[in-house]
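Accompanying notes for the structure given below.
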Amino acid sequence: MDTDRARMATVAAAGDALPIDAETISATISRALRLGSGRPDLGALAELEEELRGHVAALLPVARASAQRLWPSSIEAHRLTARLDGIERQAELGPAVDVFTAHVQVQLLARDCQWLLTRYTAEAR
């Protein structure tokens, strides 16, 4: 049951938040990280970028909620809040206009999403 919970964890972070599908998010991250070995076109990168932004949007409120449970003046709370703010800013960037920039954005979003998913699945246990 623990593996089922880790693979398909469902949490409503806010009132009308969608459930978090860890398996789908993990598959998207894997696809994004595999792109480094090929030359994808801008359309494929833009699609992945949009998927990753959606995953970050789903995971970010959960991570922010866990940050609020920390002692507000602690170093850990400040570090976590700063990291989450950086992830949010990266996810808010507009779509890339060239292949190289899109590739970099997809890689950064994939790593941020991976970090958020790791935190999420660790807390879901």
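The values are calculated or read from the model by the stated rules, or taken from the named source; none is laboratory data. As the structure is a computational prediction, the values presented were derived from the model and not from experiment. With ideal geometry, Cβ positions are generated from the backbone for all residues, glycine too; neighbour counts draw on all protein chains shown. All accessible areas refer to the heavy atoms of the entire protein, side chains included, with ligands and DNA or RNA removed. Shrake-Rupley method; radii C 1.70, N 1.55, O 1.52, S 1.80 Å.
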Quick check: anything in the stretch 70-88 within 15 Å of Tyr120 (Cα to Cα), of a type in the set (A, V, I, L, M, F, W, C) and out of contact with any helix residue (DSSP H, G or I) (no Cβ under 6 Å at 6 or more places or on another chain)?
no
Within the stretch 58-72, residues of a type in the set (S, T, N, Q) and open to solvent by less than 90 Å² (accessible area, probe 1.4 Å) come out as Ser66
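Taking the stretch 32-61, which residues are of a type in the set (Lys, Arg) and within 14 Å of the chain's Cα centre (by Cα)? Don't jump to the end; show me each part of the working.
Within the stretch 32-61, the first condition is being of a type in the set (Lys, Arg), and the residues that meet it are 34, 39, 53.
The one that is of a type in the set (Lys, Arg) and within 14 Å of the chain's Cα centre (by Cα): Arg53.
Among the candidates Arg79, Arg119, which residue alone is open to solvent by 80 Å² or more (accessible area, probe 1.4 Å) and of a type in the set (D, E, K, R)?
Exactly one of Arg79, Arg119 is open to solvent by 80 Å² or more (accessible area, probe 1.4 Å) and of a type in the set (D, E, K, R), namely Arg79.
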Subset of the stretch 32-58 [farther than 13 Å from Gln105 by Cβ and at pLDDT 95 or above]
Gly54, His55, Ala57, Ala58
Flagged in the stretch 91-110 as in a helix (DSSP H, G or I) and in contact (Cβ under 8 Å) with a residue 24 or more places away in the chain, in numbering order, are Ala91, Val99, Ala102, His103, Gln105, Val106, Gln107, Leu109, Ala110
